[in-house]
Amino acid sequence: MALSLLGFSSMINAEVILEENFENMATGTLSAATHPDWRGMLEGNTAGQDPSDWEIEEGSGLTWVAEDGGVIDGGNKHLDMRSVSNITGRAYYDFPNPLPTDIGQATSIYLRYLISFDQFEWISQNSTGPEDPRSVWPLVRFNGSWQMRSVLKFREYETAENQVLGFMFELHDDKDLATGQRSIVRLEGKLGEPQPMTTYLVVTRYDFDAAGVLQGQAAWVNPNFADMGTPDLVSNHAQPGYDTFVNPIVSLDITTYGGTMRYDNIMIANSWDSVVPQPSMTWAGYGVDPNGLVDTGPWMGWLNVTDDPWIYSYSLESYIYIPAEGNTAAGGWIYAFK
């Protein structure tokens, strides 16, 4: 079992609380015999689904490369989870100790994971339109709670006249979804249509007061390291008081609805810096992607800095020379040639 748990005794000093990249887990069906720290793979499996639909696969870990060049290495393995309906199994992991959220000072828990899907697949019934969409979506949550969960919905609305693909992220304010509300954000404008076999980075933050009472939530999809202050979604409803002193966070579960999902690089930490990769390279404070491209925004637009200090400007359609003392938006010498 490769799940590593660090620093439960002190949330103040801990950075990474849980990390799972599946690299050291036994390949094949996720079962109690081969993965004894996991349980409940068939929770709610009234459809009688084959347990082999939950397995660790080798040869294709999920790798994430952000626009700013930050990288999460996918390694060689991932968790493959297929659901034949909206009621089939979940993979549960019980923490050796509850997550330390009631530590005497306000704190936040960050949950991150990499996710991809095979295709749009509504197995249990045919879609009749926007109110009954075909969809596939991943869900990672704590204590089986709707309020403490992270769900990114890849949706396909389809009628005889219309077909629309789209993303939706949602945050809930009720542990059991009995009388609760939800906040949602549509992400098509940011991400375009959801693409099969494409890796997405999901980060969800849960904010607690000193006593461990949940105060709010926020979520990011495909963030850059500099995006900490601009979540894609913030809960816009009052939290009804998920109190981790009364209900300590003791478990994590991974669920798939209506299709096949691939999960990798699951992490829980108390800092943004731990869950979102920092740019691998910077130029004048801007992130550099693996191809040497830099978006400097209103300063000089897109540049290619591969041959720094000779910089190619796409807006000028020519090279410019920027010495080290000039590569800042605050001022300096820049030499342009005709």
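The values are calculated or read from the model by the stated rules, or taken from the named source; none is laboratory data. In this text the structure is predicted, and so the values were computed from the model without any measurement. FYI the Cβ positions are ideal-geometry reconstructions off the backbone, even for glycines, and counts take in every protein chain you see. Accessible surface areas use protein heavy atoms only, side chains included; no ligands, DNA or RNA. Shrake-Rupley method; radii C 1.70, N 1.55, O 1.52, S 1.80 Å.
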Q: Output the number of residues of the stretch 284-325 satisfying the condition of being open to solvent by 90 Å² or more (accessible area, probe 1.4 Å), of a type in the set (D, E, K, R) and not in a loop (DSSP other than H, G, I, E, B).
A: 1
Q: Tell me, yes or no, whether the stretch 112-127 has at least one residue that is within 16 Å of the chain's Cα centre (by Cα), over 26 Å from Val71 (Cβ atoms) and either assigned to a loop (DSSP other than H, G, I, E, B) or modelled with pLDDT of 80 or more (or both).
A: no
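A quick yes/no check of all residues on (1) acidic (Asp, Glu); (2) open to solvent by less than 40 Å² (accessible area, probe 1.4 Å); (3) more than 30 Å from Gly285 (Cα to Cα); (4) modelled with pLDDT of 95 or more:
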| position | (1), (2), (3), (4) |
| --- | --- |
| Ala218 | no, yes, no, yes |
| Val221 | no, yes, no, yes |
| Asn224 | no, yes, no, no |
| Pro240 | no, no, yes, no |
| Thr255 | no, yes, yes, no |
(Q) Can you report the number of residues in the stretch 257-279 which are part of a strand (DSSP E or B) and touching a helix residue (DSSP H, G or I) at 6+ places or on another chain (Cβ under 9 Å)? (A) 4
Q: Just need a number here: residues in the stretch 186-210 that are within 21 Å of Tyr242 (Cβ to Cβ), among the hydrophobic types (A, V, I, L, M, F, W, C) and open to solvent by less than 30 Å² (accessible area, probe 1.4 Å).
A: 3
